[in-house]
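K.L.:
Let me begin by handing over the structure; questions about it come next.
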Amino acid sequence: MKRKVLSLALMGTALATSAYAQEATLTIESWRNDDLALWQEKIIPAFEAANPGIKVVFSPSAPAEYNAVLNSKLEAGSAGDLITCRPFDASLALYEAGHLTDLSDLEAMGNFSDVAKSAWQTDDASASFCVPMASVIHGFIYNKDAFNELGIEVPTTEAEFFAALDKIKEDGTYIPMAMGTNDQWEAATMGYNNIGPNYWKGEEGRLALIKGEQKLTDPQWVAPYATLAKWGAYLGDGFEAQTYPDSQNLFTLGRAAIYPAGSWEIAGFNTQADFEMGAFKPPVQNAGDTCYISDHTDIGIGLNTASENQEAARTFLSWVASPEFASIFGNAVPGFFPLSNTPVELEDPLAKEIVGWRDECESTIRSTYQILSRGTPNLENETWGASVAAIKGTESPEALGQQLQDGLATWYAPHQ
Amino acid sequence: MQTRRIRWHIVVFLAPAVLVYTAVMIFPLFNTLRLALFTEVDQTRIYVGLQNFRTLFFDPIWSEQFWNALGNNFWFFLIHMLVQNPIGIALAALLSHPRLRFAALYRSAIFIPTILSFVIVGFAWKLILSPLWGIAPSMLDAVGLKSLFAPWLGKEEYALTTLALVSVWQFVGIPMMLIYAALLSIPEEILEAGEIDGITGASAFWKIKLPLILPSIGIISILTFVGNFNAFDLIYVSQGALAGPDFSTDILGTFMYRTFFGFQLQLGDPHMGSAIAGAMFAIILVGVCIYLFGIQTRMRRYQL
C-alpha cells in the first residue's frame, strides 16, 4: 500500500515536470526595480501573447547592489536566463568570464547602429553580447509654472542659465536647483557629464581622451568643474546631506525650480508632480554654438550561457530587438529611448521634447564609461568625488583635473 | 602498566559542534585567507604569495585608502569607548539604585534600539538629521539654536563622528545590561561592611563597586573593539559603499566590501578583497591577544 502511494506520487511529479518542460520560463535579472509594474503589465503580456509556451519573469534587485548581486549569482550558477546589461566594462567582464553568450549571429542585431551596439561589444567589435535596449539623455527639467510666475525665459546659453538661477534665488519662493551631494553620483552624472560634452565637444573630446591626445588637465576637461563650483550657491540649504530621493522630492513637491536630470526621471516625475514640466538641454557657452548632449547607451540585455532555455531566450531577445518592443518599451518607460534604427513615435510630451534634441545636437556618451574606468583608481568613482568637491568648493578645478589625470596615468598606457 | 582507554564518548559528544563550526566558520575563514594569496590574470587564478598584501600596504593608491579606513576605524572605536561605555556604566549604576522607580521601563526603553535592524536605525537617523525634512533642525529652531545645525552627515569633518554617535545610541544598551548584571551580583554584605567603615554614596561606587565590575568592563571593551572593527552595515546603509563625503566615513568593512564586490563601474576583485579581510582579521586578532594576555591575566579578581 505504502509503495503504491509512493509510486503514484513519483508519477505525479514526473508528469508535472514533463508538462513544465514544454513551457520554458525565462527569468530576467535587472536593476530597474522602478519598472517592475511596466514589465509585468505591458511588456511581458505582449511577448507572451505572441509566443505561447514561453513564460517570462522579471526579477529586479536594487540598483546600487545589482552588480554585486549579479556577479555572486553568476558565480554560484543561480542567475536568471536573461541578464540586463550595464554598459561597457561591467558587461564585457561578464562576457570574458564566459557568462554572456555571443549574440553576433542573432539576425535581429541588424536593427541597431554601430554606436548603439558599441557599449556591448569587445574592444575590436568582433563580438556583440547584449541586445541594446535603451539610452538615457541628460539635460535639465524645469517647473514651467515657476518659470511663468517669475517671468523667466528658458535659458539656452550659460550666461542666461546663471541669470535665471540668480532671478529665482532673489525671488526666494523656490530653491533654484534641486541637487544634493550626499550620494555623490548625481554630481558626476547629472552635473559633470551633463554639462561637460559642450566643453569637450562630445565624441571628439571623449575619443581624444581615450587615445591619450587630450588630458584631464586640459581646459575643456577642467572648465566643467569651474562651472559646477558656481552651482553650490544655488542648491538648497544643507545640500551636503541632501540625498538623491530628497532632490527628486524637492522638485516634484514644487519647492525647487530646476532639476539637473537624466531622462529616466520622466516616468516618476509624471506621476509625482502636479505642475507642468518642461526640459532644456545643457546650455552652450555662446549663442549659436553647436550643442552636444549626453545620449548614454544605458541598458542592454544578454543571454546567460548557463541558461537551460537557450532557444526560448533567443526568441525573446529577437523580440526585444524588434520595432514592436521598441515602441512598447519607449512608451511604457518614457525617458528610456529605444536605440533601434526604426524611429519610434513617443506619446509623452516631455520625453518627446528631450528625444527631439537628438536632431538638433551631437550625441555622445558619458566620458568615463568606455575603457577609462578599467583600472585602479577607478576614474568613474574618482569623478564622483571630484564633482562633489567642485560643487562644495573644497578644491580648485585645476587641482581636481590634476588629481584625476595622475590617477588615470598610473595605469592607462596612452596617458603615461 | 595499564594502557589508557580512549574515551570515545568525548569525541562523539564533541563531533557535531566541531563539524558544524568547522564547516561554517573555520573553513570559510581559512579559505578567505588562502584566496588573498592569489590573483586573477586572464580568467585564470595564479598564486602570487604575499603580493596582494604588498600592494595593499605599499602601493600609494591602495595604502592611502587602507590607512584612511584604519584611522577612521580607530576614531569610530574611540568614540564608542569614550561615549558608549561610560554612559552604559552610568546608566547601569543609576538603574541598580534600589529606590529608583520605573527601573524596568527605563531598562527596556534603553535596550530596545539594540534589537532594531541597522537599516531601520540608519534610515531613521538619516531622516532625523535631514536638513530638508528632519526634526533635528526644527527642534533646534524651536529653542533658538538653529545656527548650531549643520548637515552633519554631508560634512567631511562631522560625518564619521555623527555616525559613531548614532551607533552609540543604538548599542548603549549592551554595556548597560552587562554592567547592570555585574552590579546586581555584588553581595549586599560587602556594601554594608563598607558603610560601617564610612564608605557611602559615590565613594561606595568608586571604591567598592567599580573594582568589582572591572572584569565586566574589560569584556565590554573587547566586544566593542571586535564589533567596531567588523562594522559595516550602518555606514553602508547611510552613506553607501563609497562612504562619502570624500571617504571620510570609510572604515575597513566598507573598503573591503567595495573592493571585494565592486562598485558601479569598478569591478569586484575577490583577491584584493580577501587581502583586506585578512588584514582586518589580523588587526582584530592582535587586539584581542593584547587584551587576553596583557590585560585580563593581570586583572585582580576578588572572591565575593
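Nothing in this text is a laboratory measurement; each read-out follows from the coordinates by a stated rule. The shown structure was predicted, so the numbers you read here are calculated from the model rather than taken from an experiment. Reconstructed Cβ throughout: ideal geometry from the backbone, glycine too, with neighbour counts over all protein chains shown.
K.L.:
Write down, largest first, the equivalent ellipsoid semi-axes of region A:325-396 in whole Å, where each equals the square root of 5 times an eigenvalue of the alpha-carbon gyration tensor.
P.N.:
33, 16, 12
K.L.:
Same structure again: Determine the shielding of peptide B:150-156 by partner chains: average, over its residues, the number of Cβ atoms on other chains within 10 angstrom of each Cβ.
P.N.:
Details: counts 3, 10, 3, 6, 11, 4, 4.
Mean inter-chain Cβ contacts per residue within 10 Å come to 6.
K.L.:
In whole Hz, what ³J(HN,Hα) sequence does region B:270-284 give by Karplus (6.51, -1.76, 1.60; θ = phi - 60°), x for Gly and Pro?
P.N.:
Once rounded to whole Hz, the list reads x, 6, 5, x, 5, 4, 5, 4, x, 5, 4, 4, 5, 4, 5.
K.L.:
Right, something else. Average partner chain C-beta neighbours within 10 Å, per residue of A:175-188?
P.N.:
3
K.L.:
Quick check: the angle from helix A:2-22's long axis to the longest principal axis of chain A, C-alpha only, nearest 10 degrees?
P.N.:
50
K.L.:
Another question about this same structure. Measure nothing but the geometry: give the 0 to 90° angle between the long axis through the Cα atoms of A:379-392 and the longest principal axis through the Cα atoms of chain A, rounded to 10°.
P.N.:
40
K.L.:
Right, another one. Please work out the FRET efficiency for the pair A:GLU347 and A:VAL154, using the Cβ-Cβ distance as r and a Förster radius of 30 Å; give the result to the nearest 0.05.
P.N.:
Rounded to the nearest 0.05, the efficiency is 0.85.
K.L.:
From zero outward in steps of 10 Å, how is the percent of C-alpha pairs of region A:246-285 spread across the bins?
P.N.:
Result, from short to long distances: 27, 59, 12, 1 percent.
K.L.:
Could you work out the mean count of beta carbons from other protein chains within 10 Å of each residue's beta carbon in B:264-274? Present the calculation step by step, with values, prior to reporting the outcome.
P.N.:
Details: counts 15, 17, 12, 11, 7, 1, 2, 0, 1, 0, 0.
The mean count of partner-chain Cβ atoms within 10 Å per residue comes to 6.
K.L.:
Output needed: percent of Cα pairs per 20 Å distance bin for the protein assembly as shown, bins running from 0 to the one holding the longest distance.
P.N.:
P(r) for the protein assembly as shown, in whole percents per bin: 14, 42, 31, 12, 2, 0.
K.L.:
Report the charge-dipole magnitude of chain A in Debye, nearest 20, computed about the Cα centre from +1 at each Lys and Arg Cβ and -1 at each Asp and Glu Cβ.
P.N.:
The dipole of chain A has a size of about 1240 debye.
K.L.:
By counting other Cβ atoms within 10 Å of each Cβ, how are A:ILE328, A:ILE293, B:ILE276, B:ILE46 ranked from fewest to most?
P.N.:
Lowest count first: B:ILE46, A:ILE328, A:ILE293, B:ILE276.
K.L.:
Moving to a separate point now. Please turn the phi angles of region A:268-283 into ³J(HN,Hα) values with the Karplus equation 6.51 cos²θ - 1.76 cosθ + 1.60 (θ = phi - 60°), one per residue in order, whole Hz, x for glycine and proline.
P.N.:
Once rounded to whole Hz, the list reads x, 5, 4, 7, 8, 8, 10, 10, 7, 10, x, 9, 10, 7, x, x.
K.L.:
Say the cut-off is 24 Å between C-alpha atoms; which of A:LYS169/A:LYS201; A:LYS144/A:LYS352; B:LYS126/B:LYS155; A:LYS144/A:LYS201; A:LYS144/A:LYS167 go over it?
P.N.:
Table pairs above 24 Å Cα-Cα are A:LYS169/A:LYS201; A:LYS144/A:LYS201.
K.L.:
Sticking with this one: Going through region B:2-94, which trypsin sites (Lys or Arg not before Pro) have at most 15 other Cβ atoms within 10 Å and a DSSP loop state?
P.N.:
B:ARG4, B:ARG5, B:ARG7
K.L.:
I would also like to ask the following. Scan region B:55-91 for chymotrypsin sites (Phe, Trp or Tyr not before Pro) in coil per DSSP, keeping those whose Cβ has at most 11 other Cβ atoms within 10 Å, and list them by number. Provide the component values of the computation, followed by the final result.
P.N.:
Details: sites: B:PHE57, B:PHE58, B:TRP62, B:PHE66, B:TRP67, B:PHE74, B:TRP75, B:PHE76, B:PHE77; in loops: none.
Of the chymotrypsin sites (Phe, Trp or Tyr not before Pro), not one in the loops of region B:55-91 has a Cβ with at most 11 other Cβ atoms within 10 Å.
K.L.:
Given +1 on the Cβ of Lys and Arg, -1 on the Cβ of Asp and Glu, and no further charges, what dipole in debye does the protein assembly as shown carry about its Cα centre, rounded to the nearest 20? Don't skip to the answer; put the middle values down first.
P.N.:
Details: 43 positive and 71 negative charges, 878 e Å.
Dipole magnitude for the protein assembly as shown comes out near 4220 debye.
K.L.:
So between A:LYS144 and A:ILE210, what do we pick up on full extension, going 0.36 nm a residue minus the alpha carbon distance?
P.N.:
Contour length minus Cα-Cα distance gives 19.8 nm.
K.L.:
Nearest 5 is fine: what % of DSSP beta bridges in the protein assembly as shown come out antiparallel, could you say?
P.N.:
Around 65 percent antiparallel, to the nearest 5.
K.L.:
Rg and Dmax in Å for region A:291-411, alpha carbons only: what are they?
P.N.:
19.5, 55
K.L.:
For a quick check of your reading of the filter: which chymotrypsin sites (Phe, Trp or Tyr not before Pro) in region B:206-304 sit in a DSSP loop and have no more than 15 other Cβ atoms within 10 Å?
P.N.:
Sites meeting the loop and neighbour criteria: B:TYR302.
K.L.:
For chain A, what does the helix formula give at 222 nm: sum of -39500 (n - 2.57) over DSSP H segments with n ≥ 4, over the residue count, nearest 500 deg cm²/dmol?
P.N.:
So the helix-based figure for chain A works out to -12000 deg cm²/dmol.
K.L.:
Could I have the simple spin-label model distance between B:SER203 and A:GLU311, label points 7 Å from Cα toward Cβ, reported in nm to one decimal?
P.N.:
Distance between the two pseudo-spin positions: 9.3 nm.
K.L.:
Return the aspartates and glutamates within reach of A:LYS230: Cα separation strictly under 18 angstrom, same-chain partners fewer than 8 residues apart disregarded; answer none if there are no such residues.
P.N.:
Reachable aspartates and glutamates: A:GLU158, A:GLU160, A:ASP166, A:GLU170, A:GLU186, A:GLU240, A:GLU395, A:GLU398.
K.L.:
Let me ask something else about it. Suppose the chain between B:ILE196 and B:VAL226 were pulled fully straight at 0.36 nm per residue; how much longer would it get relative to their current alpha carbon spacing?
P.N.:
Gain on extension, B:ILE196 to B:VAL226, equals 6.6 nm.
K.L.:
Calculate the spin-label point distance for B:TRP67 paired with B:ILE219, positioning each point 7 Å from the Cα along the beta-carbon direction, and give it in nanometres.
P.N.:
Between B:ILE219 and B:TRP67, the label points sit 3.9 nm apart.
K.L.:
Taking θ as phi - 60°, what are the ³J(HN,Hα) couplings along region B:163-176 by the Karplus curve (6.51, -1.76, 1.60), each to the nearest whole Hz, with x for Gly and Pro?
P.N.:
Result, ordered by residue: 5, 4, 5, 4, 5, 4, 4, 5, 9, 4, x, 6, x, 4 Hz.
K.L.:
Here is a follow-up. Helix A:397-409 versus the longest principal axis of chain A: what angle, 0 to 90°, nearest 10, using Cα atoms?
P.N.:
40
K.L.:
OK, next. How much length would be gained if the chain were fully extended between A:THR290 and A:ALA163, taking 0.36 nm per residue of separation minus their Cα-Cα distance, in nm to one decimal?
P.N.:
So the extension gain works out to 43.6 nm.
K.L.:
Taking every Cα atom in region A:28-122, find the radius of gyration and the maximum pairwise distance Dmax, and write them in Å.
P.N.:
For region A:28-122, the Cα radius of gyration and maximum Cα-Cα distance read 14.3, 35 Å.
K.L.:
Hey, another quick one. Rank by packing, highest mean first: peptides A:281-290, B:150-159, with packing defined as the count of other Cβ atoms within 10 Å averaged across residues.
P.N.:
Listed from highest to lowest mean packing, they are B:150-159, A:281-290.
K.L.:
Under 19 Å between alpha carbons, and skipping anything fewer than 8 positions from B:LYS207 in its own chain: which aspartates and glutamates qualify?
P.N.:
By straight Cα distance, B:LYS207 reaches B:GLU188, B:GLU189, B:GLU192, B:GLU195, B:ASP197.
K.L.:
What percentages make up the Cα-Cα pair-distance distribution of chain A when the bins are 20 Å wide from 0?
P.N.:
25, 54, 17, 3, 0
K.L.:
Please list, in chain and number order, the residues 5+ apart from A:THR25 or on another chain whose amide H is under 5 Å from its amide H, with Hs placed from the backbone.
P.N.:
Sorted by chain and number, the residues that satisfy this are A:LYS55.
K.L.:
Same structure again: Charges at C-beta only: +1 for Lys and Arg, -1 for Asp and Glu. How large is the resulting dipole of region A:308-416 about its Cα centre, in Debye rounded to 20?
P.N.:
260
K.L.:
What percent do you get for the relative contact order of chain A when only Cα pairs under 8 Å and 6+ apart count? Don't jump to the answer; show the numbers that get you there.
P.N.:
Numbers: 734 pairs, mean separation 103.0, N = 416.
Once divided by the residue count of chain A, the mean separation gives 25 percent.
K.L.:
Right, something else. Tell me the label-point distance for the pair A:GLN405, B:CYS289, using the 7 Å Cα-to-Cβ offset, in nm and rounded to one decimal.
P.N.:
That separation, rounded to one decimal, is 4.7 nm.
K.L.:
Along the Cα-to-Cβ line of B:ARG45, 7 Å from the Cα, sits a label point; which residues in region B:273-294 have backbone N less than 17 Å from it?
P.N.:
Answer for region B:273-294: B:273-278.
K.L.:
A follow-up question, please. Out of all DSSP beta bridges in chain A, what portion is antiparallel? Express it as a percent rounded to 5.
P.N.:
60
K.L.:
Would you work out if chain B is rounded, prolate or oblate? Take a ≥ b ≥ c from the square roots of the eigenvalues of the alpha-carbon gyration tensor; rounded if a/c is under 1.5, else prolate when a/b is larger than b/c, oblate otherwise. Show your work: numbers first, answer last.
P.N.:
Details: a/c = 2.30, a/b = 1.15, b/c = 2.01.
Judged from the Cα gyration tensor, chain B comes out oblate (a/c at least 1.5, b/c at or above a/b).
K.L.:
Label point 7 Å out from B:GLN296 along Cα-to-Cβ: which residues of region B:198-215 have amide N under 16 Å?
P.N.:
B:214-215
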